[in-house]
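Participant: Shown below is the structure under consideration.
The values are calculated or read from the model by the stated rules, or taken from the named source; none is laboratory data. Keep in mind that this is a model prediction, so the values were computed, not measured. Cβ placement follows ideal geometry from the backbone for every residue including glycine, while neighbour counts extend to all protein chains displayed.
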Amino acid sequence: MASSIVAIGDELLAGFTLDTNSHWLAERLRLLGYPLKRITTIRDREGDIVETLRRDLADPELDAVFCCGGLGPTPDDRTFGAVAAALGRELVIEETVKAKIERRVRRMAEAGLLETAQVSEGNLRMARIPAGPEHVFENRRGMAPGLLYQVDGTRLFVLPGVPLELKGIFTEELEPEFLTGRAGAVVKELRFQFAVEARFYPVMRELEESHPDVSIGSYPNFETKELVIRCIGDDARRVDDALATVRRRVAAMGLEAQV
């Protein structure tokens, strides 16, 4: 089984903001045994979000979907409404989230950061969520909650787009309770100095046939003048065998691995 990420935000597609969330989640999910099948970046448009979520939730190869961004207090934050539409649910006020927002607004007013302790319509939008979540994540660093829904055996995690909030929810709440019990993929690498990537085509083509269960890729680094051959798989023995095959084949070329 695999996972997917749906990253939402006009700022991502316009090049104003680098999508560090997806990069960070991809590594964490690989280590936890929830490798990604795809990452989709879409606009803050309800129809686009609904279409993408329905596609991923209907994909039989996915058992977890991570939807990131668009949970804030302004009109361009449309994710909660889109999730509700995708799941066929109503938007309702989550009282625990509302109470938390009220407390935070009150503290901010007392500190002189806000003119009034009255909760604004913008603040209240973050407590209006799709009905019937399996779990509501607290989010200790912001007002918008993280959410979990179960859809025909697939888990949909809805997370804020602010990196500090997303990472906090994931590491403190989501990962320890909902992403345990799986082993991460085995990753092994060989590094070659001043190696020509095209020379590795025959052995990599051979391994595609003999080791279809191992993902094998070549990655040149022009700054360090290194070529990295990376093997990833679930079975350590198969990964080691693929790596040994690379070593044997390139030895005949007069190349020696650095690592």
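Participant: Across segment 69-95, which residue is nearest to GLY153 (Cα to Cα) among those that are among the β-branched types (Val, Ile, Thr) and in a helix (DSSP H, G or I)?
Facilitator: Our first condition is that a residue be among the β-branched types (Val, Ile, Thr); within segment 69-95, this holds for 74, 79, 83, 92-93.
With the extra rule that they be in a helix (DSSP H, G or I), the set shrinks to 79, 83.
On the way: THR79: 21, VAL83: 17 Å.
Ranking the candidates gives VAL83 first.
Participant: Now for a different question. Is it true that LEU147 is part of a loop (DSSP other than H, G, I, E, B), crowded, with 19+ Cβ neighbours inside 10 Å and hydrophobic (A, V, I, L, M, F, W, C)? Break it down into steps so the answer makes sense when it comes.
Facilitator: On the way: part of a loop (DSSP other than H, G, I, E, B): no; crowded, with 19+ Cβ neighbours inside 10 Å: yes; hydrophobic (A, V, I, L, M, F, W, C): yes.
Answer is no for this residue.
Participant: Which residue pairs have Cβ atoms closer than 9 Å, lie 6 or more positions apart in sequence or on different chains, and pair a first residue in segment 19-33 that is more than 18 Å from VAL162 (Cα to Cα) with a second residue that is hydroxyl-bearing (Ser, Thr, Tyr)?
Facilitator: Once the first residue is more than 18 Å from VAL162 (Cα to Cα) and sits in segment 19-33, its partners that are hydroxyl-bearing (Ser, Thr, Tyr) give LEU29/SER3; LEU32/THR180.
Participant: Exactly one condition in (1) modelled with pLDDT under 90; (2) under 25 Å from LYS37 (Cβ atoms) is false for GLY233; which is it?
Facilitator: (1)
Participant: May I pose another question? Taking segment 105-137 on its own, how many of its residues are under 27 Å from PHE178 (Cα atoms) and either of a type in the set (S, T, N, Q) or out of contact with any strand residue (DSSP E or B) (no Cβ under 8 Å at 6 or more places or on another chain) (or both)? Reasoning before the result, please.
Facilitator: Pass one, segment 105-137, residues under 27 Å from PHE178 (Cα atoms): 125-137.
Subset that is either of a type in the set (S, T, N, Q) or out of contact with any strand residue (DSSP E or B) (no Cβ under 8 Å at 6 or more places or on another chain) (or both): 125-126.
The qualifying residues number 2.
Participant: Filter segment 154-184 for residues that are touching an Asp or Glu at 6+ places or on another chain (Cβ under 7 Å) and surrounded by fewer than 19 Cβ atoms within 10 Å (Cβ to Cβ) and give the result.
Facilitator: Scanning segment 154-184 gives a single hit, GLU173.
Participant: Tell me, please, whether a residue that is aromatic (Phe, Trp, Tyr), assigned to a helix (DSSP H, G or I) and within 27 Å of the chain's Cα centre (by Cα) can be found in segment 161-172. Quick ask: steps written out before the conclusion?
Facilitator: Taking segment 161-172 as the starting set, the residues that turn out to be aromatic (Phe, Trp, Tyr) are 170.
Now restrict to residues that are assigned to a helix (DSSP H, G or I): 170.
Subset that is within 27 Å of the chain's Cα centre (by Cα): 170.
For segment 161-172, residues aromatic (Phe, Trp, Tyr), assigned to a helix (DSSP H, G or I) and within 27 Å of the chain's Cα centre (by Cα): present.
Participant: Now for a separate question. Scan segment 220-259 for residues that are free of Cβ contacts under 8 Å to residues at least 12 places away in the same chain, under 23 Å from PHE194 (Cβ atoms) and not in a loop (DSSP other than H, G, I, E, B) and jot them down. Spell out the reasoning first.
Facilitator: Step one: list which residues in segment 220-259 are free of Cβ contacts under 8 Å to residues at least 12 places away in the same chain, which gives 221-224, 237, 244, 248, 251-252, 254.
Adding the requirement that they be under 23 Å from PHE194 (Cβ atoms) leaves 221-224, 244, 248, 251-252, 254.
Listed by number, the residues that qualify are ASN221, ALA244, ARG248, ALA251.
Participant: So, ARG43, is that one surrounded by 15 or more Cβ atoms within 10 Å (Cβ to Cβ), free of Cβ contacts under 8 Å to residues at least 40 places away in the same chain and farther than 20 Å from GLU134 by Cα or not?
Facilitator: On the way: surrounded by 15 or more Cβ atoms within 10 Å (Cβ to Cβ): yes; free of Cβ contacts under 8 Å to residues at least 40 places away in the same chain: yes; farther than 20 Å from GLU134 by Cα: yes.
Criteria met by ARG43.
Participant: Specify which of the listed residues (VAL105, VAL158) is part of a helix (DSSP H, G or I) and either modelled with pLDDT of 95 or more or under 30 Å from THR17 (Cα atoms) (or both). Don't jump to the end; show me each part of the working.
Facilitator: Numbers: VAL158 fails: part of a helix (DSSP H, G or I).
Criteria check complete, one pass: VAL105.
Participant: From (1) outside any helix (DSSP H, G or I); (2) touching a helix residue (DSSP H, G or I) at 6+ places or on another chain (Cβ under 7 Å); (3) buried (at least 19 other Cβ atoms within 10 Å of the Cβ), pick out the condition that doesn't hold for VAL203.
Facilitator: VAL203 satisfies all of (1) outside any helix (DSSP H, G or I); (2) touching a helix residue (DSSP H, G or I) at 6+ places or on another chain (Cβ under 7 Å); (3) buried (at least 19 other Cβ atoms within 10 Å of the Cβ) except (1).
Participant: Quick one: how many residues across segment 11-27 are surrounded by fewer than 18 Cβ atoms within 10 Å (Cβ to Cβ) and farther than 19 Å from ASP76 by Cα? Can you show your working first?
Facilitator: Kept after step one, since they are surrounded by fewer than 18 Cβ atoms within 10 Å (Cβ to Cβ), are these residues of segment 11-27: 11, 13-18, 20, 23-24, 26-27.
Now drop any that are not farther than 19 Å from ASP76 by Cα, which leaves 20, 23-24, 26-27.
Number satisfying all stated conditions: 5.
Participant: May I ask you to list the residues in segment 221-241 that are surrounded by fewer than 14 Cβ atoms within 10 Å (Cβ to Cβ) and either closer than 18 Å to PHE200 by Cα or in contact with a Leu (Cβ under 8 Å, 6 or more places away or on another chain) (or both)?
Facilitator: If the condition is that a residue be surrounded by fewer than 14 Cβ atoms within 10 Å (Cβ to Cβ) and either closer than 18 Å to PHE200 by Cα or in contact with a Leu (Cβ under 8 Å, 6 or more places away or on another chain) (or both), then ASN221, PHE222, LYS225 are the ones that fit.
Participant: Looking at this structure, is PRO176 under 30 Å from PHE137 (Cα atoms) and in a helix (DSSP H, G or I)?
Facilitator: Working: under 30 Å from PHE137 (Cα atoms): yes; in a helix (DSSP H, G or I): yes.
Considered against the rule, which asks whether it is under 30 Å from PHE137 (Cα atoms) and in a helix (DSSP H, G or I), PRO176 comes out as yes.
Participant: Only helices (runs of 4 or more DSSP H) wholly contained in segment 1-68 count here; list those with 1 or more residues that are among the basic types (Lys, Arg) and more than 16 Å from the chain's Cα centre (by Cα).
Facilitator: Values: elements: 10-13, 20-32, 46-57.
Answer list for segment 1-68: 46-57.
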